[in-house]
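Note sheet for the following structure.
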Amino acid sequence: MANPDQPSYPHLPLSLSDRLALERTRLANERTLLAYLRTGMALIIGGLSLMNFFRDYIYIWIGAAFVPLGVAVVVGGWSRYRFKRQRIHANMLTALTRL
């Protein structure tokens, strides 16, 4: 069974346009993961900054809410990435069986 993390699929009996489409799909999934990670880190850093630099209780509570929200975004993005990666790989195998 092929590893879905391989950068290209030279061993597959596909045309060049189909291989490039697979590569674009895989790279789009990775870009989406990076967007989730970037958003989650921004929420965590923003929450910690609010709790550190402001002493009013409303800012501390908002910052305390941002930190777990950021962690949830990172975990949700990672699980979405893994699910989509498995679906991409399964669809690729399904397409190969039709050849």
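Please treat every number below as a calculation from the coordinates, not as lab data. This one's a predicted model, so the numbers in the text were calculated from it and none came from an experiment. All Cβ positions, even for glycine, are placed from backbone atoms using ideal geometry, and neighbour counts span all protein chains on display.
Once the chain from A95 to A72 is taken as fully extended at 0.36 nm per residue, the excess over their C-alpha distance is 4.9 nm. Note on the stretch 17-97: dipole from Cβ charges, positive end direction compared against L43, G77, L93; the farthest Cα belongs to L93. Computed from the coordinates I sent, mean projected area of the Cα convex hull in nm² equals one of (i) 7.2; (ii) 10.2; (iii) 11.3. Tell me the label. Computing mean projected area of the Cα convex hull in nm² and matching it to (i) 7.2; (ii) 10.2; (iii) 11.3 gives (i).
The charge dipole of the stretch 17-97, taken about its Cα centre with unit charges on the Cβ atoms of Lys, Arg (+1), Asp and Glu (-1) only, comes to about 280 debye.
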